[in-house]
1. For Thr367 and His184 in the same chain, what is the full-extension length gain: residue separation times 0.36 nm, less their Cα-Cα distance, in nm?
2. Ranked from the most accessible area to the least, with a 1.4 Å probe and all protein chains present, what is the order of His265, His320?
3. Which FRET efficiency value, to the nearest 0.05, is calculated for Glu18 and Ser156 with the Förster distance at 41 angstrom and r the Cβ-Cβ distance?
4. Which order do you get for Ile19, Ile268 if you rank them by accessible area with a 1.4 Å probe, largest at the top?
5. For the residue pair Ala29 and Gln251, what label-to-label distance in nm results when each label sits 7 Å from Cα along the Cα-to-beta-carbon direction?
6. Tell me the label-point distance for the pair Thr80, Thr358, using the 7 Å Cα-to-Cβ offset, in nm and rounded to one decimal.
7. Go ahead and run the numbers for FRET between Asp65 and Lys133, Cβ-Cβ distance against an R0 of 45 Å, rounding to 0.05.
8. Of Lys314/Lys365; Lys314/Lys336; Lys110/Lys133; Lys203/Lys239, which ones are farther than 18 Å apart at the Cα?
Amino acid sequence: MPSQFTQIASVIADRLTEILQTSVRVSNAQGTVVAEGVLASAPSLVGAGSSLHRHYLRFPLHIQDQAGEVLIEQSGSGETISPRIAEAFIDLVLNQITQPPLPSDEQTQKNQVIQHLLHGQIQDEALILRQAKLLGLDLTPPRAVILIDATDFVNSDQDPPERSGFEQRRRSQRIVESVVRFFHLPDDTICTDLGDGEIAVLKASDTKNMGAWATGGVAMPDTVSTWVNSSWTNLEALKRAGDALLLRLRQDTGAAVSVGIGRYHPGILGLSRSYQDARVALRLGRQFNGQNQVYCLDRLGIAAFACVADERTKVELARHLLSPLDGEPDLLETLKVFFDQDCALSSTAKRLLIHRNTLSYRLDKITSLTGLDPRQFDEAIQIRLALLLQELKPLKAGQL
């Protein structure tokens, strides 16, 4: 099967021959003629390599990551062909062949509804459901936001100004197509191009659609109707899906890509909070740890407590980090005394009236349960801040 370069080269050669009424050849980077559009009276030169003896106008050709050359015979009809006009026709034909179709009116409306929803510009759930139903969008399953940052891939500064918009749309579409292929079921995944290289995926996060990632590749029983009962319940599954998606996107694009994971929040309006989670995690993660990673609030470490502005989110994060210690009063008391004693093992053991080996056992168990080691500086700060925030009174919805 001919390569994409050869297929596009054949169309270019045929159309330019018809427009300019002269022989047109397209060669690859090695100088081999791979396509030609020849007038009836002209001999075929496909496969003749570089043995071209007539006078040709030569123009560079770039199709994705492949380079070549367009050769337009100057003496086909006896009329001199303007190089500028010939180059304009090449760009025109190339755009017609490779330019992705502009979004339909319906797709544009879908994007607008989702963007307004994510940015909190629509507060009426009934209105959103009506609009979504008319557009064929299913927003009824619980969904969380996966935010993809492919800025380096989409906004390439190598594009000539006259083609930048077209190239950006084409590359954004490649990201969307890659996401749809990855999740296999387009119906459970809604993708929206937010512009500037950001793609939002509203991923269905109920048992049916997240089961494989929730159980390490083994589907959960269909008899379980739902497993999403808090903002953090499905986060591990979403992170595993995000890790796998990142690998696919990097393979498909060959560029730097980062992913932010938002928590599930109940209700359709909860998608706006999920988007904010993903956006904050992505922004802080890139700033402190660079690109090509998957970020979510509980992977940010100290940065989440220091840089997240929303206090309710920080309190929820604190409770999530310490939730493995629920029902472990001895371990919680050990932590409080450990920090009161400036993390000194001997004085902590003495204060708790336990042997130092017992204290080490308890600290090891805390590390095993929470994934955070109170003997490590950064992780100790996270635990200490989480303990302080956990003591705050619960905040009501909308309260700062």
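1. On the way: separation 183, 0.36 × 183 = 65.88 nm, distance 3.74 nm.
The span from Thr367 to His184 would gain 62.1 nm if fully extended.
2. Values: His265 5, His320 45 Å².
Ranking His265, His320 by accessible area, largest first, yields His320, His265.
3. Details: r = 32 Å, r/R0 = 0.78.
E(calc), rounded to 0.05, equals 0.80.
4. Details: Ile19 80, Ile268 15 Å².
These residues rank, largest area first, as Ile19, Ile268.
5. Each label point is offset 7 Å from its Cα along the Cβ direction, giving 2.2 nm.
6. 10.1
7. Working: r = 42 Å, r/R0 = 0.93.
With a Förster radius of 45 Å, E is 0.60.
8. Flagged as over cut-off: Lys314/Lys365; Lys314/Lys336.
The values are calculated or read from the model by the stated rules, or taken from the named source; none is laboratory data. Since this is a predicted model, take the numbers as computed values, not measurements. Don't worry about glycine lacking a Cβ; one is built from the backbone with ideal geometry, like all the others, and counts go over all protein chains shown. Note: areas computed on protein heavy atoms with side chains; ligands, DNA, RNA excluded. Shrake-Rupley method; radii C 1.70, N 1.55, O 1.52, S 1.80 Å.
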